[in-house]
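The values are calculated or read from the model by the stated rules, or taken from the named source; none is laboratory data. Keep in mind that what you see is a predicted model, and the values were worked out from it rather than measured. Cβ sites come from the backbone with ideal geometry, for glycine too, and all protein chains shown count toward neighbours. When the accessible area is computed, the model is the full protein with side chains, heavy atoms only, and any ligands, DNA or RNA have been set aside. Shrake-Rupley method; radii C 1.70, N 1.55, O 1.52, S 1.80 Å.
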Amino acid sequence: MSLLHCFLKPSRMSLQRCVVGDDMTAAEFKDWIRQFDADQDGRISRAELRRAMRALRVRFTRRRSRSGISYADADGDGYIDDSEIDGLVEFARTNLGLRIVAC
């Protein structure tokens, strides 16, 4: 099952299988995380990041969400925008154990 399939059918079971068994590309991760931009401002807030990670059944505390934002937030405004999302991909890969491959 491809991760893209998981995006299209976002049941908890299929998302969990993707995290456990399948690789995703950086582009797929970026497309997926943008779905959690609840206010459609083009940025990912700490709360939106926490919701996204919890949807993947990743244990994601407030402290971890602060760490994720800090890791990727180059301009220090407290949000991840399109120019900073590669940092979030790297954070997810190195700190959360998500299997994200370059493609």
Test: residue 64 is within 9 Å of the chain's Cα centre (by Cα) and either open to solvent by 50 Å² or more (accessible area, probe 1.4 Å) or more than 16 Å from residue 86 (Cα to Cα) (or both) | no
When every residue in segment 67-103 that is in a helix (DSSP H, G or I) and touching a Phe, Trp or Tyr at 6+ places or on another chain (Cβ under 7 Å) is compared, the one most open to solvent (accessible area, probe 1.4 Å) is 71
Filter segment 22-61 down to the residues that are open to solvent by 70 Å² or more (accessible area, probe 1.4 Å) and among the polar types (S, T, N, Q), then identify the one that is nearest to the chain's Cα centre (by Cα).
-> 35
Within segment 29-36, can one find any residue that is assigned to a loop (DSSP other than H, G, I, E, B) and at pLDDT 90 or above?
-> yes
